[in-house]
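The values are calculated or read from the model by the stated rules, or taken from the named source; none is laboratory data. All figures in this text were calculated on a predicted structure; none of them were measured in a lab. Positions of Cβ are generated from backbone atoms using ideal geometry, with glycine treated the same way; all protein chains shown enter the neighbour counts. Ligands, DNA and RNA are stripped out before the accessible areas are found, and what is left, the full protein with its side chains, is counted by its heavy atoms. Shrake-Rupley method; radii C 1.70, N 1.55, O 1.52, S 1.80 Å.
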Amino acid sequence: MSTTQQVSSLLGEITPARFMAEYWQKRPLLVRQAIPGFQAPIGPEALAAMAAREDVESRLVSAFDGQWQLQHGPLTSLPARDKREWSMLVQGVNLHDDACDALMRRFNFLPLARLDDLMISFATDGGGVGPHFDSYDVFLLQAHGQRRWRISAQKNLDLIPDLPLKILQHFTPEQEFVLEPGDMLYLPPHYAHDGVALGDCMTYSIGFRAPSFQELGEQFLQFMLDSIDLPGRYADPDLKPVKHVAEISPAMLKQVTREINKMRFTSEDITVFLGQYLTEAKPGVWFDTPQETSAFDAFLARASASGVRLSRKSQMLYTDDTLFINGESYEIPENDSALLQNLANHRRLSAAQVRAAGQDVQEALHSWHDEGWLFCPAGEDDAQP
């Protein structure tokens, strides 16, 4: 499917506003022919080649003879195509293929801060990963063949112990659907589901980020390490002889508590942390930098003629006054705020917009180009790096 093959909505007759109000994180939605005539941009052979790469996250799941097995990639060899009950899953395909990146970004009625990645699973007849639940929202788009989905709103989410996969111990399906190419099923977090291939099939899963508050808290404290400033050192000039030498005295506890409580986290601290955290590249993702760095004038001449586009691997978000890209933050110049927000929202700037940008922004674009974070389409391979 080319990027020009667009439909007015991926949600059938339901508007994005109604979907968000009635379905998002509330209940499932089945959309028949969300993309009519959908043609998978990546076939099984190309997906297998991708799964064999070091820079691609992949898994092989099988249930041969009733025994669940999990193998992490790179997957340099796969079971025979005529062997039943195995699945190949490839994460982050949007990072490596333009058409898949464009497909994922069609879900633009949801914020980029929540969008995670596009995963593709190929399964032979009977293949799947067992009944399970996800902790995040997911859209399951059927790309090739058929898959039978059984789903349940059950509250019992206990898992079978001692398995390499997180499979539900008790699964009681309440609804069942067979999806054809172009059909799509939305599931909110913690909704039990089990998808089984009916013959060879491919399913595209568009997932959304839902970090735990524990993870956010741990990462925030790590982020703030360099900002903590507690001058002075513990002292007790009025200390008296003690009777119980192993006791931590109330006076010591009081003094240390008072000093630690001097640490204060501002909304600005949290904003910068969250923007950098959400745009940080995942482990194993690296950028294709130009073979030679370019002089500023040479880059500006090219960008002023062709415009610039973000690499599909780049993540860019913003607040009112701060831009975040690939784990770094930049203060937005007031005169260029609309231009930089346009870059984040549409992932490109026209030649005229580059020429209209202030010098600070032009210099930032040059720096990002040399980092491989964006590129000039004209004169380079049309495929994104």
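Is it the case that some residue within the stretch 230-252 is touching a strand residue (DSSP E or B) at 6+ places or on another chain (Cβ under 6 Å), β-branched (Val, Ile, Thr) and at pLDDT 95 or above? Looking through the stretch 230-252, none of the residues is touching a strand residue (DSSP E or B) at 6+ places or on another chain (Cβ under 6 Å), β-branched (Val, Ile, Thr) and at pLDDT 95 or above. Pairs meeting the criteria (first residue in the stretch 210-233 and more than 18 Å from residue 189 (Cα to Cα), second residue surrounded by 10 or more Cβ atoms within 10 Å (Cβ to Cβ), beta carbons under 6 Å, at least 6 apart or on different chains) are 219/277; 220/273; 223/273; 230/259. In the stretch 89-104 there is no residue matching the filter, namely being in a helix (DSSP H, G or I), over 30 Å from residue 11 (Cβ atoms) and hydrophobic (A, V, I, L, M, F, W, C).
Taking the criterion of being open to solvent by less than 90 Å² (accessible area, probe 1.4 Å) and over 36 Å from the mean Cα position of the chain (by Cα), the residues of the stretch 241-271 that qualify are 249, 251, 252, 255, 256, 257, 259. The residues of the stretch 76-113 that are free of Cβ contacts under 8 Å to residues at least 60 places away in the same chain, touching an Asp or Glu at 6+ places or on another chain (Cβ under 7 Å) and within 30 Å of residue 325 (Cα to Cα) amount to a single one, 91. The C-beta contact set for the stretch 149-165 (first residue touching a residue at least 12 places away in the same chain (Cβ under 8 Å) and assigned to a strand (DSSP E or B), second residue open to solvent by 30 Å² or more (accessible area, probe 1.4 Å) and β-branched (Val, Ile, Thr), distance under 9 angstrom, 6+ apart or interchain) comprises 149/178; 149/196; 150/196; 152/172. Taken over the stretch 323-340, residues that are open to solvent by less than 30 Å² (accessible area, probe 1.4 Å), part of a helix (DSSP H, G or I) and either without any contact (Cβ under 8 Å) to a residue 24 or more places away in the chain or not charged (D, E, K, R) (or both) amount to 2. Find the residue count for the stretch 10-60, including only residues that are free of Cβ contacts under 8 Å to residues at least 24 places away in the same chain, of a type in the set (D, E, K, R) and not in a loop (DSSP other than H, G, I, E, B). Residues that pass the stated criteria total 3. Restricting the stretch 272-294 to residues that are open to solvent by 70 Å² or more (accessible area, probe 1.4 Å) and more than 17 Å from the chain's Cα centre (by Cα), the residue that is nearest to residue 94 (Cα to Cα) is 288. Quick test of your reading of the structure: residue 183 fulfils all but one of (1) open to solvent by 30 Å² or more (accessible area, probe 1.4 Å); (2) under 19 Å from residue 43 (Cβ atoms). Name the failing condition by number. Failed condition: (1). Among the residues making up the stretch 19-36, those that are of a type outside the set (Phe, Trp, Tyr) and either surrounded by 12 or more Cβ atoms within 10 Å (Cβ to Cβ) or touching a Pro at 6+ places or on another chain (Cβ under 7 Å) (or both) are 20, 25, 26, 27, 28, 29, 30, 31, 32, 33, 34, 35. Residue-level analysis places residue 289 among those that are hydroxyl-bearing (Ser, Thr, Tyr), out of contact with any Asp or Glu (no Cβ under 6 Å at 6 or more places or on another chain) and on the phi < 0 side of the Ramachandran plot.
Screening residue 283 against (1) touching a residue at least 12 places away in the same chain (Cβ under 8 Å); (2) part of a loop (DSSP other than H, G, I, E, B); (3) under 30 Å from residue 270 (Cβ atoms) leaves a single unmet condition, (1). Within the stretch 295-315, which residues are assigned to a loop (DSSP other than H, G, I, E, B) and open to solvent by 30 Å² or more (accessible area, probe 1.4 Å)? Within the stretch 295-315, 295, 315 meet the criteria.
The number of residues in the stretch 37-84 being β-branched (Val, Ile, Thr), farther than 22 Å from residue 131 by Cβ and buried (at least 18 other Cβ atoms within 10 Å of the Cβ) comes to 2. Among the residues here, residue 371 does not qualify as surrounded by fewer than 16 Cβ atoms within 10 Å (Cβ to Cβ), touching a residue at least 24 places away in the same chain (Cβ under 8 Å) and not polar (S, T, N, Q).
Taking the conditions (1) in a loop (DSSP other than H, G, I, E, B); (2) within 16 Å of the chain's Cα centre (by Cα) in turn, residue 83 satisfies each one other than (2). For the stretch 171-180, the candidate set comprises residues that are more than 17 Å from residue 129 (Cβ to Cβ) and in a loop (DSSP other than H, G, I, E, B); within that set, the residue that is most open to solvent (accessible area, probe 1.4 Å) is 174.
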